[in-house]
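These notes concern the structure reproduced below.
The values are calculated or read from the model by the stated rules, or taken from the named source; none is laboratory data. The shown structure was predicted, so the numbers you read here are calculated from the model rather than taken from an experiment. Positions of Cβ are backbone-derived with ideal geometry, glycine not excepted, and every protein chain shown enters the neighbour counts.
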Amino acid sequence: MKKYTFTEKKDTRSGFGEGMAVLGRTNQNVVALCADLVASLKLDTFIKENPERFIQCGIAEANMISLSAGLSLSGNIPFATTFANFGSGRVYDQIRQSVAYSKKNVKICVSHAGLTLGEDGATHQILEDIGMMKSLPGMVVINPCDFNQTKAATIAIAEYDGPVYLRFGRPVIPVFTPADQKFEIGKAWMVNEGSDVSIIATGHMVWNAIEAAEILEAEGISCEVINIHTIKPLDEEAILKSASKTRCVVTAEEHNRFGGLGDSVAQLLSTKLPTPMRYVAVNDTFGESGTPAELMDKYGLSKDHIVSAVREVLASK
Amino acid sequence: MEKLEQISSQVRRDILRMVHACSSGHPGGSLGCTDLLVSLFFEQMNLKTGEDKQVVFDMSGEHEDMFFLSNGHISPLLYSVLARRGYFPVRELATFRKLNSRLQGHPATAEHLPGIRIASGSLGQGLSVAAGAAYGKKLRKDNNLVYCLMGDGEQQEGQVWEAATFAPHHRLDNLVAIIDFNGQQIDGPTEKVMNNRDLGKKYDAFGWKVLHMDGNDFDSIREVLGQARTESGQGLPVCIIMKTEMGQGVDFMMHTHKWHGAAPNDDQLAAALSQLPETLGDY
């Protein structure tokens, strides 16, 4: 098993900020928009270097989304940024009509997704956004796993012509993917090959999956860990290949168990390759205030929960 | 002027025949705004044309004026004007609201109908889209104008006021919002359903240059749209409160909200068409 180590912890939103800084220097069509959360989205460098290509929208997310659609017509590439809660649920209809149905080249880039937003509590901890966004025809949904991957994803989506929902978060987490990686939309990333069980994870849960796999390895259980940074379009080939080898699957996501990565994988497997499966996800509830670690533990998203799910699914094999 | 009136008469015939053919759609507001759209597309707007002087549709809208219909339910009007202006064959109007048509119930881009840049129908989004297009023109140093037509009932949507706040703040003086002030909406007179109070004062308070226009009088439309163009580049977006009569041109469809979203039957169609000369040939 490949051993993953890290030398520093960083937040994925800072990866987004660095990606935007690169785009500011390399792509003159990129325009950043923000709804009064510039510091949280780490846009300082982009704005400092490209003040004319930054649009402050104030606390008016609906306007920001439709505005981005209009802005894209003349070849600009709008990156509309806010918290995940305000960039999905609050503006679902604007995304649906002005962006997705109208096929506009708008990038909706959102931070503070999921429970790890922490102390602000459930009003801000959206756990339904992946479900909403993946149900929109033509929408690309990306949830990268660390700082480097978020930076690479940010740069990559500027080259893709079409609507994208890029989801990242607030807490500092281990940086374990290469700084020079090439990000391919829709291409799963093999973290570790294994033979007994497939752990298919997205976002912050990929590191937890790596740690869980190490614990299980010590017990003689060989885990295949796959990072699904792109939930839509799903890399069906990679998942089917892994499931056909291990014959049991655990999915892991910082999202409600309804509508997220787990459901995408379950839909694929149930129709193409019925396979025993367990979900590590929030069990259809809202979150609450607390530290990210406390919340991940209380709501069933820690590495130990992944370990338990693996044991369970192995027993059902 | 005579020519515009003739076009309007034909467009009104198109609208009535389109909604009659599919027994659905929104004739009232379409008839009310006919004179405005005919003026815009046949006289006022700077539109991209080819060597043969025919209009050419370019999704980007660069180096031409752009028009956005926010109250997408008056799609029959937009489709008729686009077809009569030459964006697509007039005979295609017969497919309105039918299966496999490019002329969807509400405007859409998925079927690639020339002249449509964004879907509309869910109300309140058009002014934001138009503001984005206007901002895009500013970024690309394009001095052409962006027009957005909205309903007066639509002013009840909160997003309209987000855009109304945004445009003056960012000095979008290439943006012209036009409100179809016909005083009617689905459930009745706007004053009774949800009173908008004085829309002119509201937009003025938000920082817009407010103009008033009679949307069923070509002299007034020409004068006020001319004034709006003169105002462009002066630092303020322009809002035109356009008084219209829902159902204009058909006596029994006027002075009521009943024809907002209802199609005429055979007899009603015949009675309506008898009031509107066929000037350019029915499709």
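Considered as a group, the residues in segment A:113-155 that are buried (at least 24 other Cβ atoms within 10 Å of the Cβ) and assigned to a strand (DSSP E or B) include one that is farthest from the chain's Cα centre (by Cα), and that residue is A:V141. If the condition is being touching an Asp or Glu at 6+ places or on another chain (Cβ under 8 Å), within 14 Å of A:M133 (Cβ to Cβ) and in a strand (DSSP E or B), then segment A:250-280 contributes A:H255, A:N256.
Take segment B:118-137 and flag every residue that is crowded, with 24+ Cβ neighbours inside 10 Å and either in a loop (DSSP other than H, G, I, E, B) or at pLDDT below 95 (or both). Can you show your working first?
Our first condition is that a residue be crowded, with 24+ Cβ neighbours inside 10 Å; within segment B:118-137, this holds for B:118-120, B:124-137.
B:I118, B:A119, B:S120, B:G124, B:Q125 - these are the residues of segment B:118-137 that are crowded, with 24+ Cβ neighbours inside 10 Å and either in a loop (DSSP other than H, G, I, E, B) or at pLDDT below 95 (or both).
In this structure, B:M59 does satisfy being of a type in the set (A, V, I, L, M), over 19 Å from B:V90 (Cα atoms) and modelled with pLDDT of 95 or more. Among the residues of segment B:122-139, count how many are more than 20 Å from B:E231 (Cα to Cα) and facing chain A (nearest Cβ under 7 Å). Residues that pass the stated criteria total 4. In this structure, is A:T116 out of contact with any Pro (no Cβ under 8 Å at 6 or more places or on another chain) and more than 14 Å from every other protein chain (Cβ to nearest Cβ)? So A:T116 does not fit the description; no. Here B:K53 meets the list (1) modelled with pLDDT of 95 or more; (2) at positive phi almost entirely, failing just condition (1). Listed by position, the strands (runs of 3 or more DSSP E) contained in segment A:19-112 that have at least 3 residues being surrounded by fewer than 24 Cβ atoms within 10 Å (Cβ to Cβ), facing chain B (nearest Cβ under 7 Å) and free of Cβ contacts under 8 Å to residues at least 40 places away in the same chain form an empty set.
Rundown of residues vs (1) among the hydroxyl-bearing types (S, T, Y); (2) over 13 Å from A:I306 (Cα atoms), yes/no style:
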{"position": "A:M190", "(1), (2)": "no, yes"}
{"position": "A:S195", "(1), (2)": "yes, yes"}
{"position": "A:A213", "(1), (2)": "no, no"}
{"position": "A:E219", "(1), (2)": "no, yes"}
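For segment A:290-303, filtering for residues that are of a type in the set (S, T, N, Q) and surrounded by 15 or more Cβ atoms within 10 Å (Cβ to Cβ) leaves 1. Of the set (1) within 7 Å of chain A (Cβ to nearest Cβ); (2) part of a loop (DSSP other than H, G, I, E, B); (3) surrounded by 19 or more Cβ atoms within 10 Å (Cβ to Cβ); (4) among the small types (G, A, S), all apply to B:A110 but (3).
Having 1 or more residues that are touching a Gly at 6+ places or on another chain (Cβ under 9 Å) is the bar; report the strands (runs of 3 or more DSSP E) wholly within segment A:164-219 that clear it.
By residue number, A:164-167, A:197-201.
Beta carbons closer than 7 Å, at least 6 apart along the sequence or on distinct chains, pair a first residue in segment A:159-182 that is in contact (Cβ under 8 Å) with a residue 60 or more places away in the chain with a second that is of a type in the set (D, E) and assigned to a loop (DSSP other than H, G, I, E, B) for A:I173/A:D146; A:P174/A:D146; A:V175/A:E8; A:V175/A:D146; A:F176/A:D146. Which one of A:E159, A:E224 is out of contact with any strand residue (DSSP E or B) (no Cβ under 9 Å at 6 or more places or on another chain) and either assigned to a loop (DSSP other than H, G, I, E, B) or within 21 Å of A:A238 (Cβ to Cβ) (or both)? When all the criteria are applied, what remains is A:E159. Within segment B:140-165, being more than 10 Å from chain A (Cβ to nearest Cβ) and of a type outside the set (G, A, S) holds for B:K141, B:N143, B:N144, B:L145, B:Y147, B:L149, B:M150, B:D152, B:E154, B:Q155, B:Q156.
Table: residues versus (1) of a type in the set (G, A, S); (2) in contact with a His (Cβ under 9 Å, 6 or more places away or on another chain); (3) surrounded by fewer than 22 Cβ atoms within 10 Å (Cβ to Cβ).
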site	(1), (2), (3)
B:P168	no, no, yes
B:Q184	no, yes, no
B:E191	no, no, yes
B:A205	yes, no, yes
B:M213	no, no, no
B:D217	no, no, yes
B:Q227	no, no, yes
B:M246	no, yes, no
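Candidates are the residues of segment A:1-17 that are surrounded by 21 or more Cβ atoms within 10 Å (Cβ to Cβ) and out of contact with any strand residue (DSSP E or B) (no Cβ under 8 Å at 6 or more places or on another chain); the one that is nearest to A:T81 (Cα to Cα) is A:G17. Looking at this structure, is A:L240 part of a loop (DSSP other than H, G, I, E, B) and either touching a strand residue (DSSP E or B) at 6+ places or on another chain (Cβ under 8 Å) or over 22 Å from A:A122 (Cα atoms) (or both)? Judged against the criteria, A:L240 is not a match.
With A:I221, A:I200 as the choices, which residue is aliphatic (A, V, I, L, M) and either surrounded by 24 or more Cβ atoms within 10 Å (Cβ to Cβ) or in contact with a Ser or Thr (Cβ under 9 Å, 6 or more places away or on another chain) (or both)? Step through it out loud before you land on a result.
On the way: A:I221 fails: either surrounded by 24 or more Cβ atoms within 10 Å (Cβ to Cβ) or in contact with a Ser or Thr (Cβ under 9 Å, 6 or more places away or on another chain) (or both).
Step by step, each of A:I221, A:I200 is checked, and only A:I200 is aliphatic (A, V, I, L, M) and either surrounded by 24 or more Cβ atoms within 10 Å (Cβ to Cβ) or in contact with a Ser or Thr (Cβ under 9 Å, 6 or more places away or on another chain) (or both).
Among helices (runs of 4 or more DSSP H) entirely within segment B:138-239, having at least 1 residues that are within 28 Å of B:Q6 (Cα to Cα) singles out B:218-231.
Pairs linking a residue in segment A:212-223 that is under 13 Å from A:L314 (Cα atoms) to a residue that is surrounded by fewer than 17 Cβ atoms within 10 Å (Cβ to Cβ), with Cβ atoms under 6 Å and 6 or more positions apart or on different chains, are A:S222/A:S195.
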